[in-house]
Amino acid sequence: ETPAEETCLLSPQTASHRLEKTPLKCQICDRTFTSAGALRYHEVSHSQVKPFMCDVCGKGFSRKKSLREHQTVHTGARPYPCPTCGKSFSTASNLRTHMLVHGVEKPFMCDLCGKTFFYNCQLQKHQQPTGVKAFSCKICLKSFSSNSTLRTHEKSHAENKEFTCDTCGKSFHLRHLYLYHLRQHSGDRPYVCTVCQKGFLLMSQLKQHELLHTGVKPHKCEQCGKEFRTPQNFHRHLLVHTGEKPYECTVCSRKFRQSNQLKSHMQIHTGVKLYHRRFMR
């Protein structure tokens with residue numbers, strides 16, 4: 001994350017300033033947005049003009065992003081890898097649903113690269129154009145501002161991945177994903193709490209756990225004063241004030257405020273009862 005994004009993450013007040021702005025409402029469907037750019041992007045979905053056409057089947061789309069996701073049907077490309085386990089998906093929405101399995105509570109996801117954020121302001125900052133992106137991936141059409149960034153991205157499509165697990169044969173193109181995967185087999189928990197000796201896979205998990213011993217709740221809601229131990233729970237609370245529902249059903253497009261509500265709803269479509277894991281609060 002960039003220093004600006006870290007500041008936004010560590011200072012919830014930054015997010016509250018965005019929330020104080022008067023909501024901007026779509027005149028067609030009454031959906032509200034916190035920025036004019038987000039509203040304009042949304043309004044395209046109502047347009048009858050579909051200038052982006054698939055060269056294979058002729059289907060038209062109102063956004064280039066939608067065309068790119070559609071083309072994976074023809075190419076078989078899966079350009080959205082899970083940052084936790086490395087599994088890849090053809091669309092950002094499918095990746096978002098998958099990440100619930102890992103307990104990921106960063107509901108604001110970039111539809112272009114799949115990166116997730118705690119706060120909407122982080123996502124908006126991430127999506128701001130930073131210049132011409134002249135280097136395009138031939139597989140998924142995603143564009144990059146430098147050739148080196150493109151080469152790194154292209155590894156996610158490579159069949160011959162550099163890091164292979166000797167236990168299960170699964171391969172990864174990034175070393176940190178490979179090491180995280182190995183810990184799941186070995187049971188190794190390298191990050192140990194000095195108070196109770198409990199071990200964790202990730203440093204971020206240890207940092208959140210340590211707050212249980214200190215009693216510190218560093219995330220305070222500027223609107224109602226309520227305090228939270230973790231950024232996940234703090235963000236979940238902010239949705240009460242903003243009315244945002246970031247978890248969308250990939251089948252019927254119904255939206256929910258919390259991930260467990262989406263999981264329960266999915267039973268309607270699958271007929272399978274899901275067993276929820278309770279994460280640290």
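The values are calculated or read from the model by the stated rules, or taken from the named source; none is laboratory data. All values derive from a computational prediction rather than experimental measurement. All Cβ positions, glycine included, derive from the backbone under ideal geometry; neighbour counts span all protein chains shown.
Here Leu262 fulfils each of the conditions (1) buried (at least 17 other Cβ atoms within 10 Å of the Cβ); (2) modelled with pLDDT under 75 apart from (2). Exactly one residue out of Ser148, Ser171, Ser143, Ser156 is farther than 15 Å from Pro79 by Cβ and modelled with pLDDT under 75: that is Ser148. Taken over segment 239-274, residues that are assigned to a helix (DSSP H, G or I) and more than 17 Å from the chain's Cα centre (by Cα) amount to 11. Would you say Val240 is β-branched (Val, Ile, Thr), free of Cβ contacts under 8 Å to residues at least 24 places away in the same chain and surrounded by 13 or more Cβ atoms within 10 Å (Cβ to Cβ)? It is true that Val240 is β-branched (Val, Ile, Thr), free of Cβ contacts under 8 Å to residues at least 24 places away in the same chain and surrounded by 13 or more Cβ atoms within 10 Å (Cβ to Cβ). Can you give me the number of residues within segment 174-202 that are within 24 Å of the chain's Cα centre (by Cα) and within 20 Å of Lys87 (Cα to Cα)? Within segment 174-202, residues that are within 24 Å of the chain's Cα centre (by Cα) and within 20 Å of Lys87 (Cα to Cα) number 13. For Gln205, are the conditions met, namely being surrounded by fewer than 18 Cβ atoms within 10 Å (Cβ to Cβ), among the polar types (S, T, N, Q) and closer than 25 Å to Thr84 by Cα? When the stated conditions are applied, Gln205 passes them. If you go through segment 243-269 and keep only what is free of Cβ contacts under 8 Å to residues at least 40 places away in the same chain and at positive phi, you end up with just Ser253. Within segment 174-205, which residues are outside any loop (DSSP other than H, G, I, E, B), of a type outside the set (Ser, Thr, Tyr) and either touching a Gly at 6+ places or on another chain (Cβ under 8 Å) or under 21 Å from Leu239 (Cβ atoms) (or both)? Answer for segment 174-205, where residues must be outside any loop (DSSP other than H, G, I, E, B), of a type outside the set (Ser, Thr, Tyr) and either touching a Gly at 6+ places or on another chain (Cβ under 8 Å) or under 21 Å from Leu239 (Cβ atoms) (or both): Leu177, His181, Val192. Of all residues in segment 59-73, those that are at pLDDT 80 or above and surrounded by fewer than 16 Cβ atoms within 10 Å (Cβ to Cβ) total 2. Consider segment 14-58 and keep the residues that are at pLDDT 75 or above and part of a helix (DSSP H, G or I). The one that is farthest from Gly243 (Cα to Cα) is Arg40. When segment 202-254 is filtered for residues that are under 30 Å from Leu182 (Cβ atoms) and among the charged types (D, E, K, R), the ones remaining, listed by number, are Lys207, Glu210, Arg229.
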